[in-house]
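Student: Mind looking over this structure? Questions follow.
The values are calculated or read from the model by the stated rules, or taken from the named source; none is laboratory data. The structure presented is a predicted model; accordingly, all values stated were derived computationally and were not measured. Here the Cβ is made from the backbone with ideal geometry for all residues, glycine too, and neighbour counts use every protein chain on show. With ligands, DNA and RNA removed, areas are computed over all heavy atoms of the protein, side chains included. Shrake-Rupley method; radii C 1.70, N 1.55, O 1.52, S 1.80 Å.
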Amino acid sequence: MAEVRLENVTKLYGRKMAVKGVSFTCKEREFFSIIGPTGAGKTTILKMIAGIEDITSGKIYFNGRVVNDLSPRERNVSMAFETYNLYPHFSVYDNIAFPLRAPRWGLKLSPKEERRRVKEIANFLGIEELLDRLPQHLSGGQKQRVSLARALVRKPDVYLLDEPIAHLDARLKFSTQTLLKEFAHKYRSTIIYVTHDFREALALSDRMVVLRKGAIKQEGTPEEVYYTPATDFVGRLIGEPPMNLIDGEIISRGGKTFLKAGEDFTIQIRDDLVDPMKKTARQEGGHTITRLGIRCEHIELSRQKISDNSFQLPVYAIAHEAESSVVILELKDTFLYVRTRGEKSLCDYRESEMVWLDFDQNYIFFYKKTVEISKA
């Protein structure tokens, strides 16, 4: 297994910059995810690591060795794409075995050893009963697992997985995530995993990077990225409902500092948070404005006043989920989302009811404005 390091890697397509000075290290035997929206540059980075795409500038290292000029074969990587790319005239068995037979890898396995490897990975992914079938007789989910098995059957230095379970249904996606995590642990593999699904990244990763328009916005563990998002963009991308973002005016009164958003929202900001808040401030229409972020689980909701810093808003709607409810409240130009648990996991608030809210200031953040927010 290899450590993979990118050092200020840039990719231009003509004048368009697809990847902008990206640097990160995927440690040996680490499950490392790259997450971002469509067009963020995730697949381009993976292809540059594989050697399928040339880099415009920067360096890529495998175990401290620059691999910029090495072919995919010389880099010894295995890659699975979102698309299946199965050979239609090959059986499932032969599709999975194909990398083991490819002359470029020089494995020269005996038929017995080849069958052992194919059956091992097929059994691991729950597709052993499909080995004699042709791809046209498989469902989309089965094809995706066959494609994944083909990538995992060989033992390369690095596995590069590009949205490998995107087309699985919810049940299969969950079980396959579990298998991927087990595979990484069992075979002590170096895996670089591309996804747009924050749930996959949080569930699978040892560490992860968040991309936006070809640039890294945050790198860290899943816990760091979820609980301490570095920007408003990261806060909105990672989590469901997304992080609440409130644009408000900074007001000083009687030696205390407040944040005010519309007529219904004014809270006193704790003294140790005032300086971080002011560092993110901007001027709009003669007012000093900042952006507050807080996740839905860090807002307390009650029919009674909770503290001197509590405020009231009307309930706009309620979304009941399996183990909790999300209460949606209307505030100025946006909605606030609050996750709450009541008896039998369902809350009994009613639409238009006035309720009290209180923010846990241990979990509020202040951001420079980099994304638009609206009622959506």
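Student: On the basis of being under 30 Å from the mean Cα position of the chain (by Cα), open to solvent by 50 Å² or more (accessible area, probe 1.4 Å) and more than 25 Å from S374 (Cα to Cα), does E300 make the cut?
Tutor: On the way: under 30 Å from the mean Cα position of the chain (by Cα): yes; open to solvent by 50 Å² or more (accessible area, probe 1.4 Å): yes; more than 25 Å from S374 (Cα to Cα): no.
The answer is no for E300.
Student: Continuing with the same structure: Would you check if there is a residue in the range 44-53 being in a loop (DSSP other than H, G, I, E, B), within 24 Å of the chain's Cα centre (by Cα), buried (at least 20 other Cβ atoms within 10 Å of the Cβ) and in contact (Cβ under 8 Å) with a residue 40 or more places away in the chain?
Tutor: No, every residue in the range 44-53 fails to be in a loop (DSSP other than H, G, I, E, B), within 24 Å of the chain's Cα centre (by Cα), buried (at least 20 other Cβ atoms within 10 Å of the Cβ) and in contact (Cβ under 8 Å) with a residue 40 or more places away in the chain.
Student: Just name the residue that is least open to solvent (accessible area, probe 1.4 Å) out of those in the range 315-326 that are out of contact with any helix residue (DSSP H, G or I) (no Cβ under 9 Å at 6 or more places or on another chain) and more than 19 Å from D247 (Cβ to Cβ).
Tutor: The selected residue is V315.
Student: Identify all residues within the range 331-342 that are without any contact (Cβ under 8 Å) to a residue 24 or more places away in the chain and either in contact with a helix residue (DSSP H, G or I) (Cβ under 6 Å, 6 or more places away or on another chain) or open to solvent by 40 Å² or more (accessible area, probe 1.4 Å) (or both); write none if there are none.
Tutor: The answer is R341, and nothing else.
Student: Looking at the range 152-163, is at least one residue surrounded by fewer than 21 Cβ atoms within 10 Å (Cβ to Cβ), in a helix (DSSP H, G or I) and basic (K, R)?
Tutor: No: the range 152-163 contains no residue that is surrounded by fewer than 21 Cβ atoms within 10 Å (Cβ to Cβ), in a helix (DSSP H, G or I) and basic (K, R).
Student: Looking only at the range 91-105, which residues are part of a helix (DSSP H, G or I) and open to solvent by less than 100 Å² (accessible area, probe 1.4 Å)?
Tutor: Here is the first cut: in the range 91-105, the ones part of a helix (DSSP H, G or I) are 92-101, 103-105.
V92, Y93, D94, N95, I96, A97, F98, P99, L100, W105, listed by residue number.
Student: Further question on the same structure: Sort through K108, K181 and tell me the only one that's open to solvent by 10 Å² or more (accessible area, probe 1.4 Å) and touching a residue at least 60 places away in the same chain (Cβ under 8 Å).
Tutor: The conditions single out K181.
Student: Further, regarding this structure: Among residues belonging to the range 6-43 that are among the basic types (K, R) and touching a Lys or Arg at 6+ places or on another chain (Cβ under 9 Å), point out the one that is surrounded by the most Cβ atoms within 10 Å (Cβ to Cβ).
Tutor: Checking each candidate, the answer is K11.
Student: In addition: Within the range 218-235, track down each residue that is under 15 Å from K368 (Cα atoms) and either of a type in the set (A, V, I, L, M) or at pLDDT below 95 (or both).
Tutor: Matches in the range 218-235: A230, V234.
Student: Keeping to the range 242-278, report how many residues are assigned to a loop (DSSP other than H, G, I, E, B) and at pLDDT 95 or above.
Tutor: Here is the first cut: in the range 242-278, the ones assigned to a loop (DSSP other than H, G, I, E, B) are 242-243, 254-255, 262-264, 269-270.
Okay, now just the ones that are also at pLDDT 95 or above, so 243, 269-270.
Of the residues in the range 242-278, 3 are assigned to a loop (DSSP other than H, G, I, E, B) and at pLDDT 95 or above.
Student: Ok, one more. Out of the residues in the range 232-255 meeting the condition of being open to solvent by 20 Å² or more (accessible area, probe 1.4 Å) and among the small types (G, A, S), tell me which one is farthest from A281 (Cα to Cα).
Tutor: So the residue we want is G254.
Student: Given the criteria crowded, with 16+ Cβ neighbours inside 10 Å, out of contact with any Leu (no Cβ under 6 Å at 6 or more places or on another chain) and without any contact (Cβ under 8 Å) to a residue 12 or more places away in the chain, does F258 qualify?
Tutor: yes
Student: Which residue is nearest to E240 (Cα to Cα), if the candidates are limited to the range 279-314 and must be touching a helix residue (DSSP H, G or I) at 6+ places or on another chain (Cβ under 9 Å), outside any loop (DSSP other than H, G, I, E, B) and not β-branched (V, I, T)?
Tutor: E297
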